[in-house]
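Visitor: One structure is given below, represented as structure tokens, and several questions about it will come after.
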Amino acid sequence: MAITPEKLNIRKLLEKHSDSMPFFVKEYVQSKSTAGLSYDTLLQYVYRYKHFFNWLLSEGQVEAENMASIPYSELDTLRKDTVEMYIQFLRNEDISIKKEKKNTGNDSDPDVMKLPEYRGEAVVALSIQALKSLFNYLTKETEDEDGECYFYRNVMSKIVTHKKGETASRRARDLNSIILNDNEISAYLKFIDTGYSETLTSAEAKSRYERDKIRDLAINSLILGTGMRVGEIASIEMNNIHLHSRYIDVVRKGNKPDSVSVLESAIVDLERYMDVRESRYPGAKKSPFLFVSVYGGVVRPLSRRAIQNIVNKYTSAFFRNGKSPHKLRHSFAVDFIRSGGDIILLRDQLGHSDIKTTSLYTNMSSKDGEKVLNEMDKRR
């Protein structure tokens, strides 16, 4: 299995940042990477550990000269109120101050009052999730010279997180307002193929569009025709595409191999791209990855960020507020259910590990329920 330059870079970053961590964090990273946890997730976790350990040092909560020398015995005796204090610090930390320090160094106007900028709850939730994972590892999976875990007191098990008091039906209705309906999907794909050029003014932009439009159409069509994640699309290899059988072998979250069925219309767009792949991007046949571009005369696979930018470019030109790749994935899922698809089949198609996540889409097809209510009104 080939590794994209993006994944290789993430692995290097993980190794670099792990070097400044205590030995037990390095062991954790090694153990979880062996178990199949993605390098991307591990890197995000290591970033959160670095922030947490720096806070412990700055607040005098641990006795150590630096981050790498923090012993696990300090985590064994860590109190619940200390962890809660850190979580509150996360929520209240003014991150706009840190952003200013990264600027050119020019003094800001002291007379201009700036409002503080705080972290979103998603980062707080990620930090808690990362710490829970680390403490579970230290208290359940480690082994010292006597065959015992490093310690058994798991303070993170006492940290309870409360989810938003919002029903699945309400979440589904909110998402329902941002997905594409059947007519919009067809019109959007046609726009990529023939209409987008009318939004361009420069000859250079039009030339680049003409070179890339078949590839870009295939990318958008594949998301709308499979419900695949951006990372999965970026990692598709040429020898894993089975056009006649209409499925593609992919690597899911956690490095799990899987196969994804593809709509016939998306297969047509994919074949069209594959027919011109080498002529549009000379040297592409040397790359194992499906979606490529040319930078400085060198063929390189498209990164996740590049694919996101491609989707954002076309959706922003077609829709008022644009659509993210994830919203296109939502659109596929809802269309699947509305077309009579089974929730178990949809779970497998989307690569969900929990059926509860998939069940959201049964609620998102709420227009079916509205039709029933309308029929009831007609009979009364």
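The values are calculated or read from the model by the stated rules, or taken from the named source; none is laboratory data. In this text the structure is predicted, and so the values were computed from the model without any measurement. Every residue, glycine as well, gets a Cβ built from its backbone with ideal geometry; the counts of neighbours run over all protein chains shown. Keep in mind that these areas ignore ligands, DNA and RNA; they rest on the heavy atoms of the full protein, side chains included. Shrake-Rupley method; radii C 1.70, N 1.55, O 1.52, S 1.80 Å.
Visitor: Being open to solvent by 30 Å² or more (accessible area, probe 1.4 Å) and part of a loop (DSSP other than H, G, I, E, B) is the filter here, so list the residues in the range 15-37 that pass it.
Guide: Within the range 15-37, Asp19, Ser20, Leu37 qualify.
Visitor: Which of the residues that make up the range 256-278 are of a type in the set (Val, Ile, Thr) and surrounded by fewer than 20 Cβ atoms within 10 Å (Cβ to Cβ)? Don't jump to the end; show me each part of the working.
Guide: Initially, the range 256-278 is screened for residues of a type in the set (Val, Ile, Thr), giving 260, 262, 267-268, 276.
The answer is Val268, Val276.
Visitor: Kindly provide the set of residues from the range 279-301 that are open to solvent by less than 70 Å² (accessible area, probe 1.4 Å) and part of a helix (DSSP H, G or I), ordered by number.
Guide: Within the range 279-301, just Ala284 meets the criteria.
Visitor: Could I ask something else about it? Taking Arg304 as the residue in question, decide whether it is out of contact with any Lys or Arg (no Cβ under 7 Å at 6 or more places or on another chain), open to solvent by 30 Å² or more (accessible area, probe 1.4 Å) and not aromatic (Phe, Trp, Tyr). Steps first, answer last, please.
Guide: Working: out of contact with any Lys or Arg (no Cβ under 7 Å at 6 or more places or on another chain): yes; open to solvent by 30 Å² or more (accessible area, probe 1.4 Å): yes; not aromatic (Phe, Trp, Tyr): yes.
Considered against the rule, which asks whether it is out of contact with any Lys or Arg (no Cβ under 7 Å at 6 or more places or on another chain), open to solvent by 30 Å² or more (accessible area, probe 1.4 Å) and not aromatic (Phe, Trp, Tyr), Arg304 comes out as yes.
Visitor: Given the conditions (1) among the hydroxyl-bearing types (Ser, Thr, Tyr); (2) surrounded by 12 or more Cβ atoms within 10 Å (Cβ to Cβ); (3) modelled with pLDDT of 95 or more, and given that Tyr152 satisfies all but one, which numbered condition is not satisfied?
Guide: For Tyr152, the failing item is (2).
Visitor: Could you please find all residues in the range 316-345 being among the charged types (D, E, K, R), touching a residue at least 12 places away in the same chain (Cβ under 8 Å) and either within 11 Å of Ile223 (Cα to Cα) or in a loop (DSSP other than H, G, I, E, B) (or both)?
Guide: Lys323, Lys327, Arg329
Visitor: For the range 116-157, how many residues are within 24 Å of the chain's Cα centre (by Cα), assigned to a helix (DSSP H, G or I) and basic (Lys, Arg)?
Guide: Number of matching residues: 1.
Visitor: Would you check if there is a residue in the range 210-225 being of a type in the set (S, T, N, Q) and either farther than 23 Å from Glu278 by Cα or open to solvent by 80 Å² or more (accessible area, probe 1.4 Å) (or both)? Walk me through it before giving the result.
Guide: Step one: list which residues in the range 210-225 are of a type in the set (S, T, N, Q), which gives 220-221.
Now narrow it down to the ones that are either farther than 23 Å from Glu278 by Cα or open to solvent by 80 Å² or more (accessible area, probe 1.4 Å) (or both): none.
So far as the range 210-225 goes, no, none of its residues is of a type in the set (S, T, N, Q) and either farther than 23 Å from Glu278 by Cα or open to solvent by 80 Å² or more (accessible area, probe 1.4 Å) (or both).
Visitor: Can you tell me which residue in the range 170-199 is modelled with the highest pLDDT, limited to those that are loosely packed, with under 15 Cβ neighbours inside 10 Å and not in a helix (DSSP H, G or I)?
Guide: So the residue we want is Asn181.
Visitor: Another one. Which one of these is touching a strand residue (DSSP E or B) at 6+ places or on another chain (Cβ under 6 Å) and either more than 15 Å from Val262 (Cα to Cα) or not basic (Lys, Arg) (or both): Glu198, Glu232, Glu204, Glu210? Break it down into steps so the answer makes sense when it comes.
Guide: Values: Glu198 fails: touching a strand residue (DSSP E or B) at 6+ places or on another chain (Cβ under 6 Å); Glu204 fails: touching a strand residue (DSSP E or B) at 6+ places or on another chain (Cβ under 6 Å); Glu210 fails: touching a strand residue (DSSP E or B) at 6+ places or on another chain (Cβ under 6 Å).
Just one listed residue meets the conditions, Glu232.
Visitor: What pairs come out if I take residues in the range 1-16 that are closer than 15 Å to Leu290 by Cβ and pair them with residues that are modelled with pLDDT under 90 and of a type in the set (Val, Ile, Thr) whose C-beta lies under 6 Å away, six or more apart or interchain?
Guide: Here the result reads none, with nothing in the range 1-16 linked to a residue that is modelled with pLDDT under 90 and of a type in the set (Val, Ile, Thr).
Visitor: I'd like to verify a number: residues in the range 241-265 that are within 15 Å of Ala218 (Cβ to Cβ) and among the small types (Gly, Ala, Ser), how many?
Guide: 1
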